[in-house]
Amino acid sequence: MRRMMSLVVLLAGAVVALAQPPPSTMREAAKQAMGAESSRVSALERSDVAALDRILDEHLTYVHASGKVDTKASFLAAIRSGELHYISWKLMNVNARAEGDGDSTVVLDGEYAVRVKDARVRPDAFDVDIFFLTVYERREGRWQQIAWESTRDVAKTPLR
């Protein structure tokens, strides 16, 4: 009976181990999603709506540190009109983890220092330090941002 129990436990462990994607696949997915995030930030600094249109998923939920919530359409419209203009993004730190099957969903979190002009919030450009959480999925062979949420770091950027 003990041998049978040991065999069952060993077999269960092997099944769990085989179900996990190899760490190299997970690292590659995280690296690719971080590349997509870098491209997104570059496109934001250039107000490149065409590039953003490719990177952002059609059903994107985008929650700004101000509490403003955008869809992909409203976010791109604000950038296109000049109401929203990102001047600079400085990455302070980032963590990445692959989720699910390990090669199609990646969650990134970290901190950015951002300079932005958002006329929907206030008339002049301002600096804001944020914590962020974003999710990328590989869809039709490319990484797309499906969700973004940021929170003001009140220790660095007090509420005014």
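Values quoted throughout were computed directly from the atomic coordinates according to the rules given, and no laboratory measurement underlies them. No experiment lies behind these values; they were computed from the predicted model shown. Don't worry about glycine lacking a Cβ; one is built from the backbone with ideal geometry, like all the others, and counts go over all protein chains shown.
Straight-line reach from K117: which lysines have Cα under 21 Å away, leaving out those fewer than 8 places along the same chain?
Straight-line reach from K117, under 21 Å: K68, K72, K90, K156.
What residues have an amide H closer than 5 Å to that of T105, excluding those fewer than 5 places away on the same chain, when H is modeled at 1.01 Å from N in the peptide plane?
E99, R138
For the stretch 22-152, would you read off the P(r) tail past 23 Å as a percentage of all alpha carbon pairs? Intermediate results must be reported in sequence, preceding the final value.
Details: 2350 of 8515 pairs.
Pairs farther apart than 23 Å: 28 percent.
Using θ = phi - 60° and the Karplus curve 6.51 cos²θ - 1.76 cosθ + 1.60, what whole-Hz ³J(HN,Hα) does each residue of the stretch 65-70 get, with Gly and Pro shown as x?
4, 6, x, 5, 10, 10
Would you mind calculating the gained length between R120 and A73 on full extension (0.36 nm times residue separation, minus the Cα-Cα distance), in nm to one decimal? Write out the running numbers ahead of the final one.
Details: separation 47, 0.36 × 47 = 16.92 nm, distance 1.55 nm.
Contour length minus Cα-Cα distance gives 15.4 nm.
How high is the relative contact order of the stretch 22-152, in percent, counting Cα pairs under 8 Å that sit 6 or more residues apart? Don't skip to the answer; put the middle values down first.
Values: 262 pairs, mean separation 35.2, N = 131.
27 percent.
Please arrange F126, F132, F75 by counting, for each residue, the other beta carbons lying within 10 Å of its beta carbon, fewest first.
F126, F132, F75
Using a Debye calculation, one point per C-alpha and no hydration shell, please list log10 I(q)/I(0) for the stretch 80-158 at q = 0.13, 0.24 Å⁻¹ in order.
For the stretch 80-158 at q = 0.13, 0.24 Å⁻¹, log10 I(q)/I(0) is -0.50, -1.11.
Put +1 on the Cβ of every Lys and Arg and -1 on every Asp and Glu Cβ in the stretch 22-152; which of G67, V107, Q144 then has its Cα farthest towards the positive end of the dipole?
About the Cα centre, the residue reaching furthest to the positive side is G67.
What residues qualify as long-range amide H neighbours of S88, i.e. H under 5 Å apart, gap of 5 or more or another chain, H built at 1.01 Å from N?
Result for S88 returns R115.
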